[in-house]
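These notes are about the structure you will find just below.
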Amino acid sequence: MTGAGETQTTFVRVAHRRDVFKGPATIVRAGRYEVAIFDVGGELRAYENCCPHQGGPIGEGVVEGETVTCPWHAWSFDLRDGKMTLGDFAALRRFEVRVEGDAICVSTEPVNQS
Ligand code: FES
């Protein structure tokens with residue numbers, strides 16, 4: 001139950017567990033957003049597939065450990081929280097992600113508006 005002023009997170013099924021992670025990220029559609037799902041040391045993280053610099057496809061970036069580097073101009077982000085690694089002025093839009101049986105589900109709206 002949610003109280004006054006609280007909103008309930010809505011999730012949508014976006015992929016089967018066996019269909020993901022054949023590249024740096026799995027790109028899916030969640031509501032009105034394109035979302036990139038990353039496996040970060042066995043934990044799933046989901047971010048809008050849109051770099052905050054100029055909209056590059058962050059899901060096609062280079063993943064090294066817990067960092068992804070945008071393929072367009074090399075801005076890098078920490079995949080644990082989506083924050084830029086070299087400054088505090090930009091972050092990826094993060095989505096909640098959870099596994100329900102074999103289904104991967106993502107929230108239909110980001111949890112931050114960076
Ligand atoms: S669009 Fe990602 S670094 Fe420029």
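No value in this document is a laboratory result; all are computed from the given coordinates. In this text the structure is predicted, and so the values were computed from the model without any measurement.
How big is D, in µm² s⁻¹, for the chain by Stokes-Einstein at 25 °C and 0.890 mPa s if Rh is the Kirkwood radius over C-alpha pairs?
Once the numbers are plugged in, D ends up at 172 µm²/s.
Taking 0.36 nm per intervening residue step and subtracting the Cα-Cα distance, what contour gain separates S76 from D19 on full extension?
Separation in residues times 0.36 nm, less the Cα-Cα distance, equals 17.9 nm.
So how much slack lies between T9 and R29, counting 0.36 nm per residue of separation and subtracting their Cα-Cα distance, in nm?
Length gained between T9 and R29: 5.6 nm.
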